[in-house]
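> Here's a structure for you.
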């Protein structure tokens, strides 16, 4: 099949799609950077936030954690 788009444009589009998919599916980019990704969680609900913070505190995992807390008010 003949492509009408130049190769650099196709490559850039493929990479953009991969990064976007990683952001939507949750933390793939951060995990590739060596972070243990947790989230997203509602940062306005203490009953959701405290157990996550305790689990991170008590974790045996080494390395940095990234806790994705967001405003999930509706």
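> Working out 0.36 nm times the residue gap between residue 44 and residue 15, then minus their Cα-Cα distance, what length gain in nm do you get to one decimal? Write out the running numbers ahead of the final one.
Details: separation 29, 0.36 × 29 = 10.44 nm, distance 3.36 nm.
Result for the pair: 7.1 nm of gain on full extension.
> Next question. What ranking do 45-56, 4-15 get when scored by the average of other Cβ atoms within 10 Å per residue, highest first?
Highest-to-lowest ranking by the protection proxy: 45-56, 4-15.
> Calculate the FRET efficiency for residue 59 and residue 29 from the Cβ-Cβ distance with a Förster distance of 22 Å, rounded to the nearest 0.05. Write down the numbers at each step before the final one.
Values: r = 21 Å, r/R0 = 0.94.
With a Förster radius of 22 Å, E is 0.60.
> Let me ask you something else. Could you list log10 I(q)/I(0) for region 26-74 at q = 0.15, 0.19, 0.31 Å⁻¹, which the Debye formula gives when each Cα is one point scatterer?
Those come out to -0.41, -0.63, -1.16, one per q.
None of the figures in this text is laboratory data; all of them are computed from the coordinates on show. Only a predicted model underlies this, so the values are computations on that prediction, with no experimental measurement involved. Note: ideal-geometry Cβ built from the backbone for every residue, glycine included; neighbour counts use all protein chains shown.
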